[in-house]
Amino acid sequence: MVRPAQTARSERTREALIQAALVRFLAQGVEDTSAEEIASDAGVSLRPFYRHFRSKHDLLFADYTGLNWFRAALDARPADEPIIDSVQSAVFSFPYDVEAVTKIAALRGGELDPGRIVRHIQEVQADFADAIQEQLQRRRCAALPTPDARLRAAVTARCIAAAVFGAMELWMLGEDRSLGELARMCHTALESLRAGITDAWAVGG
């Protein structure tokens, strides 16, 4: 069992690595930056580095992984609020610096091939869906369970996650990588779920 002090220390190390990588990446590029340099700048060895990240390229997506901020934001929403509203509010509570995130998005688009970007986002999507499903299950724990309750929670969570990450994937591959455009695309995707997917919506402008 991880103790609270250990968890807090681990989170500080992770954030230090993210900040160190951002500074290095912006100054000298991703490919010319080594994991050793990032770890040294963060004041740790390579062992903690690889405990948190598989490679230096994972740091280009660190603002979307972990999801502690997202889970906390969901927990703070009213239990009787529609889950789409809760998710939308949680997504828009994204805690990272706007300018830094915009620069990281530009680095992703400029230094990674589109296939790699898409594959990573698809991996993170599963964690996002799990967070939503856990929230749904907590909200329904006092309700009378039905045979299909777990299935409905799983399908709902995965549909919402697919909507958000579909928007994010297109945003990362598009020309306008501002957070305003990401917010607009996420809102449009989530509203499509609220209204129900129809052929007219899917082919419309």
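What the table below lists for this structure:
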item	result
Which numbered condition Phe49 misses (of (1) among the aromatic types (Phe, Trp, Tyr); (2) modelled with pLDDT under 90; (3) farther than 19 Å from Glu181 by Cβ)	(2)
Among (1) in the same structural domain as Ala163 (by TED's automatic domain parsing); (2) within 19 Å of Arg116 (Cα to Cα) - the single one Gly29 does not satisfy	(1)
Subset of the range 70-100 that is under 17 Å from Ala167 (Cβ atoms) and not in a helix (DSSP H, G or I) - its residue that is modelled with the lowest pLDDT	Phe94
Among residues of the range 101-124, those that are without any contact (Cβ under 8 Å) to a residue 24 or more places away in the chain and either assigned to a helix (DSSP H, G or I) or under 16 Å from Val23 (Cα atoms) (or both), counted	4
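The values are calculated or read from the model by the stated rules, or taken from the named source; none is laboratory data. Note that the structure is predicted; figures quoted are calculated from it, not measured. For neighbour counting, all protein chains shown are included, and Cβ atoms are generated from backbone atoms with ideal geometry for every residue, glycine included.
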